[in-house]
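The values are calculated or read from the model by the stated rules, or taken from the named source; none is laboratory data. In this text, all values refer to a predicted model and were calculated from it rather than measured experimentally. With ligands, DNA and RNA removed, areas are computed over all heavy atoms of the protein, side chains included. Shrake-Rupley method; radii C 1.70, N 1.55, O 1.52, S 1.80 Å.
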Amino acid sequence: MSEQPQLPKLNRSLIYAWVAALAAVVAFAGVYVTLGQPDNQAPSGPATESSVSEAKSGVHPLATGAMTTFVFKPQPEALPDIRFLNGDGAEVGLDDFRGKVVLLNVWATWCAPCREEMPALDKLQAELGSDKFQVVALAVDKSGIDGAKKFLSGIKVDKLGAYADPTAKEGTRLKVIGMPTTILIDKEGREIGRLIGPAKWDSADAKRLIEAQR
């Protein structure tokens, strides 16, 4: 009987290493698929026509179009009661807006994308602003409230109030990792979700997102 050819020891070792690595990848993928669930994935619950539609798409039905990059929290989350200045130089906080849905836009005067989206936020406030909804554009900027006012006046934004955090620290408490960042807050002061980067906040998609919370 002829002997089966033997693989060289080096090649056999390489094969065993590849098999072990492949097994580890498969095991990790199994854990990820079981535990991983993006915030925008449709939540589980009783089957309804809307929930079935969400399940088919795999994302929240309001995170579409101009709001595709809006990331919903699985459940509304409490926010720190950050403190900042209003246009009169008085200290206020998020608790002063309780009872309203708030779109908190965190920006800075040196931020070019912030300048790009500010007119859309101004239009949104002009159209939907009321005792039930308000856009709060908060400058986390050492130029303070005067710098915020000058910036808004310079780009002819007149529907938004001026708010500023001259310490530039409250953005960190909000876990803002880039500017602009816009956080949608419910009437109880909890975060519904957020969008990082500029967006068309005067679009039909944005209005639909906000009106669903009021």
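Before moving on, here are some points about what is shown:
- Whole-number Å³ per residue for the convex hull built on Cα positions in segment 93-214: 92
- Members of Lys100/Lys169; Lys156/Lys200; Lys132/Lys169; Lys149/Lys187; Lys73/Lys159 lying beyond 21 Å, as alpha-carbon distances in this model show: Lys100/Lys169; Lys132/Lys169; Lys149/Lys187; Lys73/Lys159
- Computed extension length for Trp110-Thr68: 12.5 nm, one decimal, from 0.36 nm per residue of separation with the Cα-Cα distance subtracted.
- Cα-Cα pairs of segment 58-138 separated by more than 19 Å (percent): 52
- Percent carbon-and-sulfur accessible area, segment 73-136, ignoring ligands, DNA and RNA, probe 1.4 Å: 46
- Calculated diffusion of segment 160-214, Stokes-Einstein form, Kirkwood radius summed over Cα pairs, 10 °C and 1.306 mPa s, µm²/s: 124
- Accessible area per residue for segment 165-214, computed on protein heavy atoms with a 1.4 Å probe, is 47 Å².
- Computed lengthening from Ala126 to Lys175, 0.36 nm per intervening residue step minus Cα-Cα distance: 14.8 nm
- Phi-based couplings in Hz for segment 156-163 (Karplus 6.51, -1.76, 1.60; Gly and Pro marked x): 6, 9, 10, 9, 8, x, 8, 9
- Contour excess over end-to-end distance, with Cα ends at Ile155 and Thr167 and 0.36 nm allotted per residue: 1.9 nm
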